[in-house]
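Each remark here refers to the structure printed beneath this line.
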Amino acid sequence: MKKAARAPRPDGEATRARILEAAGELFAAHGYAEAASKAIAARAEVDLASINYHFGSRSGLYQAV
């Protein structure tokens, strides 16, 4: 039996925007190599898994910034 697709959370775009803002600040301040995903998630006040959910990977996030 096929499961019904879940509707996206209404705050998903806000979460994505917070991650992008935090990542932009940390990548600019520390560079790609030194800006840890944990630090980005902490600054954006999201779970670490949210980065992979929204961007696929840290490099996907970097490309989106």
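The values are calculated or read from the model by the stated rules, or taken from the named source; none is laboratory data. Quantities reported herein were computed from a predicted structural model and do not represent experimental measurements. Neighbour counts are summed over all protein chains in view; Cβ atoms, including those assigned to glycine, are modelled from backbone coordinates with ideal geometry.
Selection within the stretch 22-65: residues that are farther than 20 Å from residue 12 by Cα and aromatic (Phe, Trp, Tyr). The member of this set that is surrounded by the most Cβ atoms within 10 Å (Cβ to Cβ) is 27. Taking first residues from the stretch 30-52 that are under 15 Å from residue 62 (Cα atoms) and aromatic (Phe, Trp, Tyr) and partners that are surrounded by 13 or more Cβ atoms within 10 Å (Cβ to Cβ) and modelled with pLDDT of 95 or more, the Cβ contacts under 8 Å between residues at least 6 apart in sequence or on separate chains come to 32/62.
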